[in-house]
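Here is the structure we will look at.
The values are calculated or read from the model by the stated rules, or taken from the named source; none is laboratory data. Note that the structure is a prediction, hence the values are computed from the model and not measured. FYI the Cβ positions are ideal-geometry reconstructions off the backbone, even for glycines, and counts take in every protein chain you see. Accessible surface areas use protein heavy atoms only, side chains included; no ligands, DNA or RNA. Shrake-Rupley method; radii C 1.70, N 1.55, O 1.52, S 1.80 Å.
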Amino acid sequence: MPGCRGVRLRPGNWRRISSLPDVANPVALSPRARSLHFNSLVIDTHVDTTQRLLDPRFDFANRHPDGSVDIPRLREGGVSAIFFAVWTPGTVTGSAAVQRALDQIEAVRRQIDLHPDDLALATTAQDIREARASGHIAILLGIEGGHLINSDLTVLARFHSLGARYMTLTHTLNVEWADASTDKPAHNGLTDFGKQVIRQMNRAGMMVDISHVSDKTFHDALAASATPLIATHSSCRALCDAPRNLSDEMIRQLAAKGGVVQINFHAGFLSEAFRSAMKADPGIDEKIDRRIDEMCGEDHACRLLEADKMIRDLVAQGKLPRVEWTEILDHIDHAVKLVGADHVGLGSDFDGADMPYGMDDASQLPRITEALLEKGYSESDIQKILGGNMLRLMQDVEAIASNLEGTP
């Protein structure tokens, strides 16, 4: 794979940013909401569509009847920039995990080569601006889970050189140097090596993502990092008591250091009723796992999509509560009331989680703009939540990295 080239602009491919897309079935919007949304920078910091890109038969340029993300639906949703998560299960470790990560990075970059009129690789905040100015969707990379570096700082540097601009310190399981929120504590947070990882990320201008980490790891990362932290796909624990969500105090501390919490759309992180129903019947997960094993094996894209379909079937049967997209707004509103509109954004988890009804895919994102306007949010605050806060954080991390360059 070639080294990072940044945004590639094609002569004669400039488009007016203020022009609104031609959409076959647009979300019903007021003229004000439609103008605001499609003239704003909209950034989604976490999607798992990467798994689908590994299948050479998947055409990212076509609008698909399943899943949540493809070029037509990104256009319909007014998405300016999107982070593709590079992920493997935590049970895959060592050199195998590194190779799987490299394969996924190559798959994402291949899509940029295949669709140069629509997509542009971005590795800086300025790249995102330039991509939008030229009518491209900026494509960025995030590493989801520190197990993917195989406890090797040279692997971390390699991922950065290939375009990765954040790393989620853990996924669902502990790594050798950090505890996860959904595993039994093994390190009391970050180890000394974990703090070295953060220092290298700081020097490289790579955002430190604390979604998935334990509370102690969060506090250790906050103390160790010279840059603001980001939660790329986490919601509010006060509204849904999932360990993956952030407590009010964590959100306050994140914001106090200039960080941003990007609200996750997963039904199990939005709705306490949904989460409680899932916990009350462990057989649901077991049945889903057995069925997915039979249907998909190790095809992770298949596993993610089929799990979502099975959840929807259970909702239709009345075995799980229906979660509406408006619960996303409850979490946005809660976080804004805690820390202000400067520290909240969107990290959907599309193609990797169970989406609420009415936010099935990226084309539905303009609904958030309409709803925030109806709640009385100012246009400037909505623009911050849609993407401005994320861009500012990225700029801050880059600026601090330039000052740290050459430090041990």
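Just the protein heavy atoms count here, and of the accessible area of the chain at 1.4 Å, carbon and sulfur take up 49 percent. The trypsin sites (Lys or Arg not before Pro) found in the stretch 303-408 that occupy coil by DSSP, while having at most 13 further C-beta atoms within 10 Å, are Lys319, Lys375. Could you tell me the center-to-center distance, by alpha carbons, between the stretch 137-182 and the stretch 294-323 in angstrom? So the two Cα centres are separated by 27 Å. Count charges around His147 for me, please; just the other residues with Cβ under 12 Å from its Cβ, Lys/Arg as +1, Asp/Glu as -1. After counting each charged neighbour, the total is -3.
Residue ranking by accessible heavy-atom surface, 1.4 Å probe, largest first, among Tyr357, Tyr166 comes out as Tyr357, Tyr166. Stokes-Einstein diffusion for the stretch 131-213, with the hydrodynamic radius set to the Kirkwood value over Cα pairs and evaluated at 25 °C in a medium of 0.890 mPa s, equals 185 µm²/s.
Using the membrane-span-like helix rule (whole DSSP H runs, Cα extent along the own axis of at least 27 Å, mean Kyte-Doolittle hydropathy at least 1.6), which helices of the chain qualify? Both cut-offs are met by no helix. Averaging 1/r over each pair of different alpha-carbon atoms in the stretch 53-170 and inverting the result gives 14.9 Å, the Kirkwood hydrodynamic radius. For the chain, a crude dipole built from +1 on the beta carbon of Lys and Arg and -1 on the beta carbon of Asp and Glu, taken about the Cα centre, is about 940 debye to the nearest 20. For Leu156, the solvent-accessible surface computed with a 1.4 Å probe is close to 0 Å², ligands and nucleic acids excluded. Of the cross-linked pairs Lys184/Lys216; Lys287/Lys309; Lys309/Lys384; Lys216/Lys309; Lys309/Lys375, those separated by over 24 Å at the C-alpha level are Lys309/Lys384; Lys216/Lys309; Lys309/Lys375.
The residues of the stretch 198-254 expose, per residue, 25 Å² of accessible area to a 1.4 Å probe. When the surface is traced with a 1.4 Å probe over the full set of protein chains, Asp354 keeps roughly 20 Å² accessible.
Amide H to amide H distances under 5 Å link Gly163 with no residue, where only residues 5 or more positions off or on other chains count and H is placed in the peptide plane. Projecting the alpha carbon convex hull of the stretch 171-210 along each direction and taking the average yields 2.7 nm². Our helix-only sum for the chain, with -39,500 (n - 2.57) per DSSP H run of n ≥ 4 divided by its residues, gives a mean residue ellipticity at 222 nm of -13000 deg cm²/dmol.
Using equal-weight Cα scatterers in the Debye expression, the normalised intensity of the chain in log10 at q = 0.11, 0.13, 0.14 Å⁻¹ is -0.75, -1.11, -1.32.
Within the shell defined by Cβ-Cβ distances under 13 Å, the residues around Glu176 carry a net charge of -4, with Lys and Arg each +1 and Asp and Glu each -1.
Shape class for the stretch 275-408, computed from the alpha carbon gyration tensor (a ≥ b ≥ c): oblate, with a/c not under 1.5 and a/b at or below b/c.
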